[in-house]
Amino acid sequence: MKHDISISLSQDEAIVLSELFGRFERTDVLSLAHNAEFLALQRVAAQLDKTLLEPFEASYADVVRLARERLAAGFEGRAPGVTGDEA
């Protein structure tokens, strides 16, 4: 059964990530402009690492593939910044 995951951000992290995502939306280029952007992303990644058990499953590649399919269902075309063939 799938369930929601909660992560926590400080206000500074939220502001920095909001700017990063906004810049990506405006430019279609996902690149880090400041160390704080990396650190905020690392904080999110660390929380996910502590929460998720799926990365330790033998079938993790399938888990990721299915999650991507569910999230992208109904999206037409290629999203900004997507370069892989798996879109």
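Numbers for the structure displayed
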| read-out | value |
| --- | --- |
| Hits in segment 10-60 (condition: closer than 22 Å to GLY81 by Cβ, of a type in the set (A, V, I, L, M) and more than 13 Å from the chain's Cα centre (by Cα)) | ALA14, ILE15, VAL16, VAL29, LEU32, ALA33, ALA36, LEU39 |
| GLU37 vs. criteria touching a helix residue (DSSP H, G or I) at 6+ places or on another chain (Cβ under 7 Å) and under 29 Å from VAL63 (Cα atoms) | yes |
| Any hit, segment 42-61, residues being in contact with a Phe, Trp or Tyr (Cβ under 9 Å, 6 or more places away or on another chain), without any contact (Cβ under 8 Å) to a residue 60 or more places away in the chain and assigned to a helix (DSSP H, G or I) | yes |
| Given (1) of a type outside the set (Phe, Trp, Tyr); (2) closer than 27 Å to ARG23 by Cα; (3) surrounded by 11 or more Cβ atoms within 10 Å (Cβ to Cβ), index of the condition VAL63 fails | (2) |
| Only one of LEU71, LEU17 that is in a helix (DSSP H, G or I) and under 19 Å from LYS2 (Cβ atoms) | LEU71 |
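Residue-by-condition table, conditions (1) of a type in the set (Gly, Ala, Ser); (2) surrounded by 10 or more Cβ atoms within 10 Å (Cβ to Cβ):
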position: GLN11; (1), (2): no, no
position: ARG23; (1), (2): no, yes
position: GLN42; (1), (2): no, yes
position: LYS50; (1), (2): no, no
position: GLU57; (1), (2): no, yes
position: ALA72; (1), (2): yes, yes
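Where a number appears in this text, it was derived from the coordinates with a stated rule and is not lab data. Keep in mind that this is a model prediction, so the values were computed, not measured. Note that each Cβ is placed from the backbone with ideal geometry, even for glycine, and that neighbours are counted across all protein chains shown.
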